[in-house]
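Colleague: The structure that follows is given in the form of structure tokens.
We did not get these values from a lab; they are worked out from the coordinates using the rules stated. Keep in mind it's a predicted model, so treat the numbers as computed, not measured. A quick note on method: Cβ atoms are made from the backbone with ideal geometry, for glycine too, and the neighbour counts reach across all protein chains shown.
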Amino acid sequence: MIDAIIVGLGNPGREYARTRHNVGQEVVDLLVERLGEKMKVGRDKAAVCETRLVGKRVVLAFPTTYMNLSGEAVGALWRRHKLTDPAQLVVVHDELDLPPGVVKVKVGGGLAGNNGLRSITQHLHTQDYVRVRIGIGKPPSKERGADHVLSRMPKAERELLDVAVQRAADAVETIVAEGADAAMAKFNGL
């Protein structure tokens, strides 16, 4: 029995690596690396790693679909592992409404225009799952939104996000070990 599924959102393909939109994937990759494990492409439209994290059985996953279709992979993993409690799902994603590098944990809430979250919510019929939000800041204008999330960023901002990815991985470990409330108390005040 799996205790939690941790999903990092992003887009597949080398051209999206290290963009703002893929910080969620970077967190899952870091957790896999910390554990000395490897991801395997599974049948659920996701690269997955079934492992133990802080003593709990977890599935670390990165959908191999584009961000907007993330729910296809998350829904398939959710059903296969017969999970029923939304608190057993942790979604790590980029967040336009937070300044670059800020990490916040939240349970449920709105979708903030994130199509990956929208897809997951449609497939699970709930938005009460846990989110680890990594701030990427707002684009200069709404019309530049896609460019902002999909392009490489200046070195100083990339360094901020590298630190945020480490903190977000720590937040995921805290959520799995102690629960979302403990993680919110520990990480949201910073």
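Colleague: Indicate the gyration tensor shape class of region 108-176 (rounded, prolate or oblate), computed on the Cα atoms with a ≥ b ≥ c the square roots of the eigenvalues: a/c under 1.5 is rounded; otherwise a/b larger than b/c is prolate and the rest oblate.
Modeller: Cα axes put region 108-176 in the oblate bin.
Colleague: Ranked highest first by average number of other Cβ atoms within 10 Å, how do 89-98, 71-80 line up?
Modeller: 89-98, 71-80
Colleague: Using alpha-carbon positions, what is the distance between the centroids of region 15-76 and region 139-174, in Å?
Modeller: Each part's Cα centre sits 17 Å from the other's.
Colleague: Pick out which of GLY55, GLY116, GLY179 has the largest mean-square fluctuation in a Gaussian network model of the chain, springs linking Cα atoms closer than 10 Å.
Modeller: For the chain, modelled as a Gaussian network with Cα springs under 10 Å, the answer is GLY55.
Colleague: How would you classify region 1-144 from its alpha-carbon gyration tensor, with a ≥ b ≥ c the square roots of the eigenvalues: rounded for a/c under 1.5, else prolate if a/b is greater than b/c, otherwise oblate?
Modeller: Prolate, because a/c is 1.5 or more and a/b exceeds b/c.
Colleague: Rounded to the nearest 500 deg cm²/dmol, what is the calculated helix-only ellipticity per residue at 222 nm for the chain, with -39500 (n - 2.57) per DSSP H run of length n ≥ 4?
Modeller: It comes out at -11500 deg cm²/dmol, rounded to the nearest 500.
Colleague: What are the lysines whose alpha-carbon lies under 24 Å from the alpha-carbon of LYS106, with same-chain residues fewer than 8 places away excluded?
Modeller: Answer for LYS106, where 24 Å is the Cα cut-off: LYS56, LYS82, LYS138, LYS186, listed by chain and number.
Colleague: In addition: How high is the relative contact order of region 82-190, in percent, counting Cα pairs under 8 Å that sit 6 or more residues apart?
Modeller: Rounded, it is 35 percent for region 82-190.
Colleague: Which length gain, in nm to one decimal place, applies between ARG80 and ALA177 when the Cα-Cα distance is subtracted from 0.36 nm times their residue separation?
Modeller: Here the answer is 32.6 nm.
Colleague: Another one. Once you put a point 7 Å from the Cα of LYS142 and another 7 Å from the Cα of LYS186, both along the Cβ direction, what distance in nm separates them?
Modeller: About 3.9 nm, to one decimal.
Colleague: Go ahead and run the numbers for FRET between ASP128 and GLU157, Cβ-Cβ distance against an R0 of 41 Å, rounding to 0.05.
Modeller: 0.80
Colleague: 5 Å is the cut-off here: which amide hydrogens, built 1.01 Å from N in the peptide plane, fall below it relative to VAL91, excluding neighbours closer than 5 in sequence?
Modeller: VAL7, VAL130, ARG131, VAL132
Colleague: Now a separate question. Take ILE2 and VAL54, extend 7 Å from each Cα along the Cα→Cβ direction, and tell me the distance between the two endpoints in nm.
Modeller: So the label points at ILE2 and VAL54 sit 1.9 nm apart.
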